[in-house]
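Okay, structure first, notes after.
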Amino acid sequence: MSGIIKILPDHIASQIAAGEVIQRPASVVKELIENAVDAKSTRIQVIIKDAGKTLIQVIDDGNGMNSEDAIVCFERHATSKISSADDLFSLQTKGFRGEALASIASIAHVVLKTKIDTIDIGTEICIEGSKIISQTECVFSKGTSFEIKNLFYNVPARRNFLKSESMEFRHIEEEFERVALAHPEISFSLHHNNQEIYSLSPSNYRRRICDILGKSSNDKLVPIEEDTDIVSIRGFVLKPEFARKTRGEQFFFVNNRFFKDSYFNHAVNKAFEGLIQPKYYPGYFLFFSIYPNKLDVNIHPTKTEIRFEEDKFIYSILLSSIRQALGKYNVMPTLDFEQETAFDVPLSVRNQTPIEPIIRVNPDFNPFQSFPNNSKTSSGLSPALKAQGFGQMIPDKEAWQNFYQTEDTYTEQEQQLIPEEEIEVTKKYLTKDRYIFTPTKSGVLLIDRKRAQERITYDSLMSQFINSPIHSQQLLFPYNVELSKNEKVLWESHKSLIQRFGFEFEISGNQLLLNGIPSCLPEDAIYSCIENIHDTLGHKEIDKGEIAHFIVLSVARSISQSSLKSKLIVDSFIENLFQCRDHQYSPSGKTILSTLTLEEIKSKF
Ligand code: ADP
Ligand code: MG
């Protein structure tokens with residue numbers, strides 16, 4: 001008795017596969033434009049009739065195909081772009097699955113004209129429902145033209161599912177814009193029913209965005225620029241006031257391929273937190289460059305979902321680079337103390353009702369304003385810190401005094417009674433190795449040294465981490481620590497992230513064998529650092545993007561604890577603290593600075 005399983009004929013299999021790749025006319029447009037880009041075209045024309053139901057034509061001036069390839073290209077798994085699965089990890093092209101043309105040819109009438117540079121005559125092929133109708137020679141200039149007619153003519157269910165013409169054309173425009181934005185060096189045009197919709201000449205990213213969004217967009221763009229060895233990010237975010245109620249202008253590209261990613265989208269939203277109203281969406285055009293072996297483009301047939309090996313770093317880097325850019329371009333007030341950065345204040349603290357600060361600040365005074373570039377005091381900073389924008393705005397002594405001055409602290413008469421030299425910010429005292437006291441015009445400023453050190457170390461480590469992995473220092477004898485089950489999972493699941501902080505380790509059974517530690521971590525602080533990592537990471541439900549924050553925090557805490565034993569040069573210490581953007585609060589959200597006003601002091605006597 002014969003079995004019931006049959007092997008499907010190729011053309012039926014192609015039709016089924018087509019359902020995944022070609023959902024609507026816009027999918028055909030996407031695949032054909034991407035093929036034209038892969039063929040190294042400098043000019044791509046797209047001609048549409050009736051939102052693609054009657055005609056989709058893409059003409060390019062790229063490499064073209066010889067007569068043999070012009071036939072083979074319609075076969076399933078026919079691709080010139082990869083030859084083994086390994087090539088997937090060094091992918092430079094948009095296509096590689098070799099199924100777009102086979103799918104399209106199985107559900108439409110297709111005319112292909114193509115010619116390569118080295119042969120004078122071109123090839124013309126007509127295909128209907130996977131069947132070759134004719135193959136002839138033709139006159140054609142170098143490049144390729146695909147005409148797709150009667151799409152879904154043999155799949156009525158698909159045809160019936162198509163939306164209104166305006167909706168289908170909107171999808172086509174969307175696909176067109178995504179490729180055009182990613183390739184400003186290529187000239188593109190789009191015609192619909194003989195009307196020119198776009199005619200884009202070769203330009204740069206900024207101009208291309210303005211050509212698509214409208215000229216007035218130029219003033220709305222805030223540039224983003226971040227280079228790390230994991231990812232380079234270029235592009236623009238729209239200033240917060242241009243956030244919209246719909247998600248329209250949100251574009252991520254990786255290696256010039258458009259993709260969607262709710263996790264990274266979350267990072268952008270977080271960067272805009274507090275700057276835009278709830279239910280509004282920030283606009284962005286962000287271009288990532290990453291080694292292809294750190295990506296998996298293969299997880300989705302239309303390749304719009306991409307898996308990133310190091311998504312957690314990228315999240316952190318993205319968040320910080322947008323925050324910095326918004327700050328740098330004065331979109332976000334740099335001295336707004338209520339504005340916490342997502343790195344700096346963990347969720348638990350952020351969600352608490354804020355406690356009214358004790359410190360009294362003159363709200364109109366910005367000590368940084370008149371000292372935009374104090375190279376004298378900022379010269380000692382590391383390039384990484386400078387790159388982060390630290391040290392560009394160091395308040396001088398006078399600014400300092402004013403900063404803590406409140407208008408109504410004492411009367412003019414009283415002020416005259418105070419000898420000049422007592423107002424000088426020169427005398428500083430350290431009590432119990434922990435608290436620094438320093439007089440100001442309005443009283444006494446108190447600094448918690450430990451928390452201040454934590455903030456200074458945290459900021460410096462975080463900016464190092466963002467720029468490159470933190471150097472590791474090899475241990476002469478490996479350091480062993482026994483781990484609980486949870487702790488073991490923690491080290492294993494965040495391995496690559498923890499390694500980037502300079503920890504080199506292996507896990508053997510329930511033992512952690514530490515071979516290298518961050519070079520900034522003193523050896524006598526190793527144990528406390530590991531304890532800190534277990535404490536901070538082990539007992540909390542942590543948001544993925546905040547893992548980097550907690551590891552840096554753990555290391556910073558241990559370094560700060562051990563540095564309490566060493567001698568302190570108070571002047572430079574305070575200067576370092578004030579170079580930190582959030583010098584009011586420790587990375588875990590605790591108060592660093594407090595004041596005793598003259599009245600409070602008086603009341604004690
Ligand atoms: P893929 O792009 O995944 O390789 P396709 O089915 O889209 O698969 O295309 C199959 C092959 O046809 C491509 O690998 C390429 O060699 C060739 N091809 C398709 N479009 C063009 C074009 N516009 N110019 C030159 N060659 C093309
Ligand atoms: Mg393709």
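Observations on the structure shown:
- Normalised per residue, the accessible area of the range 205-328 is 42 Å², obtained with a 1.4 Å probe and no contribution from ligands, DNA or RNA.
- At full extension, E504 and S232 could sit 95.4 nm farther apart than now, given 0.36 nm per residue minus the alpha carbon distance.
- Listed values for the range 125-141 are Karplus-derived 3J(HN,Hα) couplings in whole Hz (6.51 cos²θ - 1.76 cosθ + 1.60, θ = phi - 60°), namely 10, 10, 10, 10, x, 6, 9, 6, 8, 7, 9, 9, 7, 8, 8, 7, 7, and x replaces Gly and Pro.
- Computed over the range 205-328: relative contact order in percent, which uses C-alpha pairs under 8 Å that are six or more apart: 29 percent
- Scanning residues 5 or more positions from C138 or on other chains, those with amide H under 5 Å from its amide H are G122, T123, E124, with H placed 1.01 Å from N in the peptide plane.
- Inter-label distance for I133 and Y153, nm, one decimal - labels placed 7 Å from Cα along Cα-to-Cβ: 0.5 nm
- Protein accessible area in the range 205-328, 1.4 Å probe - carbon and sulfur %: 46 percent
- Candidate residues C520, C73: accessible-area rank, largest first, probe 1.4 Å: C520, C73
- Computed over neighbours whose Cβ is under 13 Å from that of Q277, the net charge equals +1, Lys and Arg +1, Asp and Glu -1.
- Rounded to the nearest 10 Å², the accessible area of T304 at probe 1.4 Å: 20 Å²
- For I224, residues with placed amide H under 5 Å, excluding near neighbours: G235, F236, V237
- With every protein chain in place, the range 10-200: carbon and sulfur % of accessible area (1.4 Å): 48 percent
- Net length available on complete extension from Y329 to K590 is 91.1 nm, with 0.36 nm assigned per residue and the Cα-Cα distance removed.
- Cross-link pairs beyond the 18 Å C-alpha cut-off, checked among K220/K245; K81/K142; K450/K567; K53/K81; K81/K149; K40/K115: K81/K142; K53/K81; K81/K149
- When peptides 216-227, 51-62, 24-35 are sorted by average Cβ neighbour count within 10 Å, with the highest value leading, the order is 24-35, 51-62, 216-227.
- Here the Karplus curve 6.51 cos²θ - 1.76 cosθ + 1.60, taken at θ = phi - 60°, turns the phi angles of the range 143-155 into couplings of x, 9, 10, 10, 10, 10, 10, 6, 4, 6, 4, 9, 10 Hz, with x standing for Gly and Pro.
- Protection proxy ranking, peptides 197-204, 94-101, 459-466, average beta carbon neighbours within 10 Å, highest first: 459-466, 94-101, 197-204
- Pairwise centroid distance, computed over Cα atoms, of the range 253-295 with the range 567-605, Å: 37 Å
- Gyration tensor (alpha-carbon) shape descriptor, the range 428-468, a/c threshold 1.5: prolate
- Spin-label pair C126-Y280: with each label point 7 Å from Cα along the Cα-Cβ axis, the two points sit 5.7 nm from one another.
- For the range 1-80 versus the range 476-541, the spacing of their alpha-carbon centroids is 51 Å.
- The phi-based Karplus calculation (6.51 cos²θ - 1.76 cosθ + 1.60; θ = phi - 60°) puts the 3J(HN,Hα) values of the range 207-223 at 5, 4, 4, 5, 4, 8, 8, x, 4, 5, 5, 3, 6, 8, 8, 10, x Hz, whole numbers, x for Gly and Pro.
The values are calculated or read from the model by the stated rules, or taken from the named source; none is laboratory data. Only a predicted model underlies this, so the values are computations on that prediction, with no experimental measurement involved. Virtual Cβ from ideal backbone geometry, glycine too; neighbours counted across all protein chains shown. Ligands, DNA and RNA are excluded from the accessible area calculation, which covers all protein heavy atoms including side chains. Shrake-Rupley method; radii C 1.70, N 1.55, O 1.52, S 1.80 Å.
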